[in-house]
Amino acid sequence: MTDPKMVTVMEGDMLQPDMGLKRQDLRILRAQINVVIHSASSIALLKSLKRLFGPIIDSTSRLARLALDFDQLECFVFISSAYANAYIPSQTDGLSGIKIQETIYQLQSMEAGKNENEELERELQDVQKTGTSSSYDSHNFPWDYAYAKHLTERLLTHAFAASDKRLLILRPSIIEPAQSFPYRQFCLPMSTPHIIFTAGIALTPSRTACFSSQFKDPYHQSTVDYVPVDVVVDRLLTHLAQGTTGPVHAVAGLARMSFEATWTRTTIHRRIPWAIQPRWTRQSWHSKLIHPLGRLYCTIGASFEFSEEKTLAVWQQLSDSERQGLHLFTDMDTLYHDHEHMRSDHIWTCMEHLTKRQQWARWMSKCLYRSLASFKS
């Protein structure tokens, strides 16, 4: 797969009909393609639903319709998000995590006499025309991005229901640098939330950072699910090869990190003379009382127990030789005890991006953190 002779680049545009591909390229795809892995997506958490409609919802629906016309298609893979179902409220009064299963969740029960397909189409049209829907307005999604992924999952499930083609939906949690492949610490810094969060905490002059939580003791009870990028890739390829269908979580699961451990690992990079302490509120994760970083990564303070049953079942089916070299699970030692899991120069890259519009912040970062740019692992 890394041999350039095995890669054919086709120029197109996800927002255009037929992906903006040339007719000759479309003929090749229709005749030869067995698997479509759709990983092109906006990852801008703060974009409005109206702005995400094209890059996530509409483009994915277009690609699915195109793929269903491929003569040799066996499987369509959609990269969604584990937080597509983060709206699900805790039923435990702040005592334990929110359990999320590997299934498609409907947002509301159907009223008598209503057609599910018609309701889904109406919801899609509402989002396209108005930038919202009654389903979205009645549920507490952390971001419009999460709802866009949720709606897209349901649209794809409907599109493939009448087909004999497989649909695999991969739901990664918070993607971390690689634990092993292609090398330890591999990542794209501005696409790695924990590195961005670390850079933000290092730069903020605040003495406190307020987060939303329903836990009685969020510092110790809440968790963050970080998953190395190579674990995500290996889960995708393994489930694809094993014939899995439907949603699959690509998560740390039982290896998820406590907020206490996350905070310690994050603030260790801070060089501002005074410390910063977390503060908590039970108000909505959209409240203006919450620190800007808490509104961006607003699931901080919660705890999601993402099911991994499908991956555990596949793992049991693999022989010892098939397991060799596979990274289907998060390495606890790497995640918890390797304090160099994030490269210093990656943190600096994020700092440069975060301060490019604020002269005072850029000056401060150069005074306190410039040495980070010289560290290479």
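The values are calculated or read from the model by the stated rules, or taken from the named source; none is laboratory data. All values reported here derive from a predicted model rather than from experimental measurement. Every residue, glycine among them, receives a Cβ derived from its backbone with ideal geometry; neighbour counts consider all protein chains shown.
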Next item on the list: Being out of contact with any Pro (no Cβ under 7 Å at 6 or more places or on another chain) and in a loop (DSSP other than H, G, I, E, B) is the filter here, so list the residues in the range 163-185 that pass it.
Entry: Ser163, Asp164, Lys165, Ser173, Ser180, Phe181, Pro182, Tyr183, Arg184
Notebook entry, point to check: Which condition number in (1) at pLDDT 95 or above; (2) among the polar types (S, T, N, Q); (3) in contact with a helix residue (DSSP H, G or I) (Cβ under 6 Å, 6 or more places away or on another chain) is the one that Ser319 fails?
Noted result: (3)
Checklist line | Complete set of residues in the range 242-252 that are surrounded by 20 or more Cβ atoms within 10 Å (Cβ to Cβ), more than 14 Å from His327 (Cβ to Cβ) and of a type outside the set (Val, Ile, Thr) | finding: Pro247, His249
Check: Given (1) buried (at least 19 other Cβ atoms within 10 Å of the Cβ); (2) more than 30 Å from Gly20 (Cβ to Cβ); (3) modelled with pLDDT of 95 or more; (4) not basic (Lys, Arg), where does Thr103 come up short, assuming only one miss?
Finding: (1)
Note to self: Out of everything in the range 339-377 that is within 24 Å of Tyr226 (Cα to Cα) and among the aliphatic types (A, V, I, L, M), what residue ends up being modelled with the lowest pLDDT?
What the structure shows: Leu372
Notebook entry, point to check: Any idea how many residues of the range 170-213 are charged (D, E, K, R), surrounded by 19 or more Cβ atoms within 10 Å (Cβ to Cβ) and closer than 25 Å to Ser284 by Cα?
Noted result: 1
Item checked: Any hit, the range 219-241, residues being modelled with pLDDT of 95 or more, assigned to a strand (DSSP E or B) and surrounded by fewer than 20 Cβ atoms within 10 Å (Cβ to Cβ) -> no
Checklist line | the range 273-285, subset modelled with pLDDT of 95 or more and within 17 Å of Phe197 (Cα to Cα), residue surrounded by the fewest Cβ atoms within 10 Å (Cβ to Cβ) | finding: Ala275
Margin query: outside any strand (DSSP E or B), in contact (Cβ under 8 Å) with a residue 24 or more places away in the chain and touching a helix residue (DSSP H, G or I) at 6+ places or on another chain (Cβ under 7 Å): is that true of Phe211 in this structure?
Written below: no
